[in-house]
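Data first, discussion second: the structure below is written as C-alpha cells.
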Ligand code: GCV
C-alpha cells in the first residue's frame with residue numbers, strides 16, 4: 001500500500017471508530033453517565049436532560065451565597081459544588097453577597113445579616129433544630145432562592161431537598177417549603193461484626209474497616225454520610241446487636257470516634273450496641289473491673305458504667321447512646337441476675353443521662369417460659385414494665401410480633417405502652433424477603449404498618465402517630481432501620497435495594513409521604529426522568545412486596561423459610577426449640593392450615609385494642625392477609641373470593657410467581673431506556689428471582705398438598 005492509501009485507510013478506520021463511539025443513545029436515555037456501577041446511589045448529579053428545565057434552573061440559580069463557616073456549612077458548599085455544575089453544565093460562582101438575580105442564598109439569621117432581615121423568625125420558630133425553609137424571595141431587589149434554618153444541619157437538609165427538586169425536575173418558581181422531621185432519632189442499625197462480616201448482610205463486607213481505623217479513613221465513610229444526610233438519617237449504630245465487648249475497649253472507642261468525626265458535619269451521631277456483661281469482662285480506664293457480676297442494681301456495676309460512659313464521651317462528645325439486645329437469643333441481660341428489663345435499661349440510662357445520651361432497649365424477646373405463643377411474649381414482658389423506664393429510654397420493637405416476616409400484623413406493643421416511648425425497628429436488609437437477589441420495594445410494607453390504626457386512644461392512633469409521640473405525648477421519639485449496606489460497589493447488592501435505604505430515610509423524616517411518591521423520586525434521581533419509563537418502573541416496584549408475600553407466605557403464613565431464611569422450608573425442623581420450626585408456625589394438618597391465635601387458641605388477639613381484637617378474633621372478619629396468622633382454617637373453608645382456602649392458597653402462590661415473570665418481562669421492555677450497566681445487572685437478578693419464586697411456590701404447594709390432599713386448581717395448571 002502506498003502512504004496515501006494507508007492514510008485513507010487509517011482515516012476510514014478512525015471515522016468508523018468515532019461514529020461508533022458517538023452513536024446517539026435512544027432519546028429516552030440521554031444521561032451522560034453511561035458507565036454507572038451504582039456507587040453514586042440517588043446522588044447522581046448529571047446534566048439536566050430536559051432543555052426547558054435546564055433553562056429554568058440556569059435562570060433560577062446563577063450564583064450561590066452560603067453564610068457560615070462551620071464544618072456543616074463547608075459540607076453544604078461542597079455538595080453544591082458537586083451538584084450545580086453537574087446539573088447545569090457550567091460553573092456557578094460562590095459569592096459573598098447577593099449581587100444578581102438568580103442567587104441561591106443559604107444561611108441562618110444568626111450568621112447572615114441579609115437572612116436576618118428577611119423576617120423568617122416566625123416560620124423558623126416552628127422548625128426546631130433540624131427543620132428548614134426553602135423559599136423564593138426578593139433580596140436586595142434581586143430574585144433569590146433562600147434556604148434558612150435554626151441550625152446548620154437544617155441548612156444541609158434544605159440543600160439536599162433543593163437538589164432533589166432539581167433531580168426530579170420540580171419547578172423552582174414560587175417555592176415556599178417548610179419542613180421538619182416528625183421523628184427525632186432516625187437511626188440505621190448496622191449488624192456489623194468486628195471481623196467485617198455482617199449478620200443478615202447481603203451486600204459484601206462491613207463498610208467499617210476496623211483494622212485500618214483510626215489511622216486510615218476510607219473516603220467511602222464520607223459518601224455514606226452524604227447519602228444518609230440527603231435523607232435526613234441522623235444516627236448510626238455501628239455494631240451488631242449481638243455485640244462484641246471489644247467495641248468498648250479504649251482502642252475501639254478511638255476508632256469509633258474517628259467515624260463520629262467524619263459523620264458529625266453531616267448531622268449523624270454514632271451509637272454502639274452494648275453487651276450486658278461488659279462490666280464483668282473488662283476494666284475501665286480508671287481501673288474498675290472486671291467485676292464478678294453485671295447485676296444492674298449492684299453499686300459497683302453502676303460505677304463501672306458511669307466510668308465507661310465518661311470515657312466514651314471523652315472520645316465522642318456527641319455520642320448518641322446505647323442499643324441493647326438483652327436476654328434474647330442467648331445474649332446476656334438483667335434477667336440473668338433476676339432483675340427486670342427496666343432495671344437493665346435504667347442502669348445504662350443513668351450512666352449516659354448526664355451527657356444527653358439515650359438507651360434504645362430492644363423488645364425482641366421471646367422467652368418460651370413466658371407463653372407458648374412466641375408472638376405474645378414481648379407484650380407480656382414489656383407492658384407490665386411501663387412507667388418504670390427512665391426518661392431517656394426508648395423501647396425498640398420490630399414492626400411485627402415475630403420477626404421481620406414478609407407480612408405480619410402490627411406488634412401489639414405499639415400503643416399499649418403509654419408512658420414509655422416505643423420506637424419502631426424496620427428491617428431494610430431483606431433477611432426474609434429474598435436477600436439482595438429479589439426485587440422487593442419495601443415502602444408499601446412500611447406504609448401498611450405505619451398507617452395501621454392501633455386504636456390505642458381511639459380512632460386515628462396510627463402506629464406512625466404512636467412512634468412520633470402524638471398519641472401518648474412522648475418527649476423522646478425514634479425509628480430504626482436495620483441497614484442493607486455493605487462494601488459492594490453499589491452498596492446494597494441489588495440496585496433496587498438502594499430504593500429501600502432511600503425509602504426508609506424518607507419515611508423516617510416524614511411518615512406521611514406515600515410509597516409511590518418516594519419511588520417516583522428514587523427512580524428519577526437514580527435512573528431516569530422519562531415519565532413513561534418512570535411509570536413503568538414504579539408499577540413494577542409497587543406490586544413487588546405483595547408478590548413476594550404471595551410466593552413465600554400468603555394469607556398470613558409466616559416463618560416457613562429454610563435455616564438461611566432465603567429459600568422455602570415449610571417442612572423444616574431447625575432445632576429442638578419448637579418455636580424455631582416451620583410446623584410450629586403453619587400448623588398444617590389434615591383439617592386445615594394456620595395458627596389459632598384467637599380466643600379459642602393462644603389468644604394473641606386479646607393484646608390488640610378494640611375493634612381489632614374482635615375483628616382479628618373472628619374468622620369471618622379477620623382480613624385475608626392475616627387469616628392464617630390468627631386462625632386454623634379448614635382446607636375447604638369458603639374464602640371471601642368464593643374459593644376454598646386450598647384453591648385460594650394455590651392462586652396466591654401463582655399470582656406471586658406470575659408477577660415476578662411479569663416484572664422481568666417489563667424490565668426487558670426498558671432496554672435502551674435506562675443505563676445499560678444497570679439494565680444488565682437487574683436482568684441477571686430478575687432471572688434468579690424467577691427461579692427462586694417458582695421454587696418457593698412449588699415447594700410450598702407440594703408440601704401443603706400432602707395435608708390437604710386436594711388438587712391444584714385446573715385453571716393454574
Ligand atoms: C441480630 C433474627 C435474626 C438474627 C438477629 C435477630 C435480632 O432472629 O435472624 O440474625 O440477630 O433477629 O433481631 O436480634
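Counting only helical runs of four or more DSSP H residues, what would the 222 nm mean residue ellipticity of the chain come to if each run contributes -39,500 (n - 2.57) and the total is spread over all its residues?
Mean residue ellipticity at 222 nm (helix-derived): -11500 deg cm²/dmol.
Using label points projected 7 Å from each Cα along Cα→Cβ, tell me how many nm separate residue 39 and residue 318, to one decimal.
2.7 nm
Can you tell me how much longer the chain between residue 245 and residue 579 gets when fully stretched, taken as 0.36 nm per residue apart minus their C-alpha distance, in nm with one decimal?
117.3 nm
Provide, for q = 0.06, 0.08, 0.12 Å⁻¹, the log10 of I(q)/I(0) from a solvent-free Debye sum over equal Cα point scatterers in the chain.
Log10 of I(q)/I(0), two decimals: -0.39, -0.68, -1.40.
Could you state the principal axis extents of the C-alpha atoms in segment 132-172, from the largest down, to the nearest angstrom?
Each principal axis gives a Cα extent; for segment 132-172 these are 27, 27, 9 Å.
Stretched out fully, how many nm does the piece from residue 47 to residue 683 gain, at 0.36 nm a residue minus the Cα gap? Numbers along the way, then the final one.
Values: separation 636, 0.36 × 636 = 228.96 nm, distance 2.64 nm.
Net length gain for the segment: 226.3 nm.
Stokes-Einstein D for segment 220-325 at 20 °C, 1.002 mPa s, Kirkwood Rh over Cα pairs, in µm²/s?
Estimated diffusion coefficient is 149 µm²/s.
Taking neighbour counts of Cβ atoms within 10 Å as a proxy for exposure, in what order, fewest first, do 472, 558 appear? All intermediate terms of the calculation are to be shown ahead of the outcome.
Working: 472 18, 558 25.
Ordered from fewest to most neighbouring Cβ atoms within 10 Å, 472, 558 come out as 472, 558.
Would you mind putting 500-511, 166-177 in packing order, based on average other-beta-carbon counts within 10 Å, highest first?
Listed from highest to lowest mean packing, they are 500-511, 166-177.
Order by neighbour count: 148, 273, 280, 531, fewest other Cβ atoms within 10 Å first, most last.
531, 280, 273, 148
Calculate the length of the line joining the C-alpha centroid of segment 424-456 to that of segment 541-618, in whole Å.
So the two Cα centres are separated by 16 Å.
Evaluate the relative contact order of segment 367-452 (contact order divided by residue number), counting alpha-carbon pairs under 8 angstrom at least 6 apart; express in whole percent. Don't jump to the answer; show the numbers that get you there.
Details: 91 pairs, mean separation 22.2, N = 86.
Worked out over segment 367-452, it gives 26 percent.
Taking Cα pairs under 8 Å and at least six residues apart, what relative contact order does the chain come out at, in percent?
Reported as a whole number, the value is 11 percent.
Please figure out what share of the DSSP beta bridges in the chain is antiparallel and state it in percent, rounded to the nearest 5.
30 percent
In which sequence would 514, 277 go, from the one with the fewest C-beta neighbours within 10 Å to the one with the most?
Numbers: 514 12, 277 18.
In order of increasing Cβ crowding within 10 Å: 514, 277.
Write down, largest first, the equivalent ellipsoid semi-axes of segment 528-664 in whole Å, where each equals the square root of 5 times an eigenvalue of the alpha-carbon gyration tensor.
Square roots of five times the eigenvalues give 29, 20, 15 Å.
In whole angstrom, note down how far apart the Cα centers of segment 68-92 and segment 474-531 are.
Each part's Cα centre sits 23 Å from the other's.
Need one number: the % of Cα-Cα pairs in segment 278-422 sitting beyond the 19 Å mark.
So the portion of pairs separated by more than 19 Å is 53 percent.
For segment 30-102, place one equal point scatterer on every Cα, skip the solvent, and apply the Debye formula. What is log10 of I(q)/I(0) at q = 0.13 Å⁻¹?
-0.45
Ranked from highest to lowest mean number of other Cβ atoms within 10 Å per residue, what is the order of the peptides 479-488, 100-109?
479-488, 100-109
With the Cα gyration tensor of segment 374-477 in hand, give its eigenvalues times 5 under a square root as the equivalent ellipsoid semi-axes, listed largest first in whole angstrom.
25, 15, 12
Do you know the relative contact order of segment 177-222, to the nearest whole percent, from alpha carbon pairs under 8 angstrom that are 6+ apart?
Dividing the mean separation by the residue count of segment 177-222 yields 22 percent.
FRET efficiency for residue 329 and residue 95, Cβ-Cβ distance as r, R0 = 51 Å, nearest 0.05?
Here the calculated transfer efficiency is 0.35.
Once R0 is set to 22 Å, what does the formula 1/(1 + (r/R0)^6) return for the Cβ-Cβ distance between residue 74 and residue 220, expressed as a FRET efficiency to the nearest 0.05? Spell out each step's value before the answer.
On the way: r = 19 Å, r/R0 = 0.87.
FRET efficiency, residue 74 to residue 220: 0.70.
Out of all Cα-Cα pairs in segment 147-252, roughly what percent, to the nearest whole number, are more than 20 Å apart?
Cα-Cα pairs in segment 147-252 separated by more than 20 Å: 54 percent.
Kindly give the semi-axes, whole Å and largest first, of the ellipsoid equivalent to segment 452-536, taking each as the square root of 5 times a Cα gyration tensor eigenvalue.
31, 17, 9
Computed from the coordinates by the stated procedures, all read-outs in this text should not be read as laboratory data. Computed from a predicted structure; not experimentally measured. Ideal geometry is used to build each Cβ from the backbone, glycine not excepted, and the neighbour counts take in all protein chains shown.
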